[in-house]
Amino acid sequence: MPITAKRRKARKEAEVALARLQDLARDQADRFGPYADQARDQAALKLIQARGWTAPRLESAALRVEDTVAPRVAGLLTTAAQRIDPKPARRGLRLFRGGGRRIPRGVVIGGAALVGGVVVYSLIRLRQASQDAEWQEHLDQAREQVRETRENLGEKTAEAADEVAENAKAASAKTKEKVRATTGEGRAKDNGRPGK
């Protein structure tokens, strides 16, 4: 078989195979299309969740670096600059400096933090003491109201008991009177005389 015929046959077979594969790809795309859409939506949702989870952690890491690493690096750079400076300037608190030595920045910051901590603690204790006094006052008022309510209920109960006793005595007296009247009429009839 000549080479050109083999090439034509191979090209035709490739075209047929390609057409078959394209049809198969279309069928699979129709079949898996909804799944791909769902996967895309889920991936977008997970990406938003991941960004929401990551953002605060990155911010807290940045704050930690700012609070811990940055001051150290700044201190090292300042120290290096002072060592390199041919005409060093006198820095630090002159009042506490002895013999031309500089007070370390950490000591000054630590002292300020200690004083601030004591002030904050004192304010918190004062606020707590005033709150405790206020709560005690409210508790005393509530106890007084309960005592007054108890006394009022006791008085009303005693009044109600007295009233019930009086009503019972009056009912008893009426009942006795009716019994006497009925008994008197019965005796009078028995004797042939009119009753009282």
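May I ask you to list the residues in the range 167-196 that are among the polar types (S, T, N, Q) and either at pLDDT 85 or above or surrounded by 10 or more Cβ atoms within 10 Å (Cβ to Cβ) (or both)?
Asn167, Ser172, Thr175, Thr182, Thr183
From Arg40, Arg31, Arg51, Arg64, grab the single residue that is among the charged types (D, E, K, R) and over 42 Å from the mean Cα position of the chain (by Cα).
Arg31
The values are calculated or read from the model by the stated rules, or taken from the named source; none is laboratory data. Quick caveat, the model's predicted, so the values are computed rather than measured. In this analysis, Cβ positions are derived from the backbone assuming ideal geometry, glycine residues included, and neighbour counts consider all displayed protein chains.
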